[in-house]
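First comes the structure, then the notes that go with it.
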Amino acid sequence: MRAWIWLLIVAGMAAWLAGPSLAPHSPDPRLWTYQRYEQDQQSFEIARAQGQLHEDPERRKLREAVLTAAARLEYSPCDKQLIPPLRVAIGKHLLEMRNTVQQRLETASIAGQEVDATDFLNTETSQVIREAVNAGLVYREDLPAEVGILFPPRPPRPDHSWYAGRFACKNGDRD
């Protein structure tokens, strides 16, 4: 009996220590994912204020499309017609990120070094994508196959009644 308890404790600790490595990863480590987070926000904000941040115009347009579609859905969360434009904007944005992942299109000069600013510039867009996934608005089947692999498949009976974020429909059903 005592051996089983120790075995459970050891297995629990091993699972706890391995936890971060069990987080979802991109199938291709070179592929940009919305799950990244830029740790040094303050340095990038300073670089932006000093005019030392270069933003790619095409990526900027795609980010703005995601944020605009999200704002519309947030304003009227029960309107089903506002979900497809958000999905399309997310798909286009992620495809652009996938197709240009090897290129350094967005940089910032921090402490005399040119660093990649992509994750910093995508912070808001990544938050919207995470929120859309949590709300059950975006699944693998809703996006182009090249980037849909990063998302969970649509369950047979999705239940997001627990969700109370910015895209929550308060009357319980989308029009």
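Can you list the lysines whose alpha carbon sits under 16 Å from that of Lys92, skipping same-chain ones fewer than 8 residues off? Output for Lys92: Lys61. What does the C-alpha gyration tensor say about the overall shape of segment 37-146? Classify as rounded when a/c is under 1.5, otherwise prolate if a/b is larger than b/c, or oblate. Judged from the Cα gyration tensor, segment 37-146 comes out prolate (a/c at least 1.5, a/b above b/c). The lysines whose alpha-carbon is closer than 27 Å to the alpha-carbon of Lys170, local same-chain residues fewer than 8 away aside, are Lys80.
What the Cα atoms of segment 87-150 give is an Rg and a Dmax of 13.7, 44 Å.
Rule-based calculations on the coordinates, nothing more; no lab input. These numbers were taken from a predicted model, which means no experiment stands behind them.
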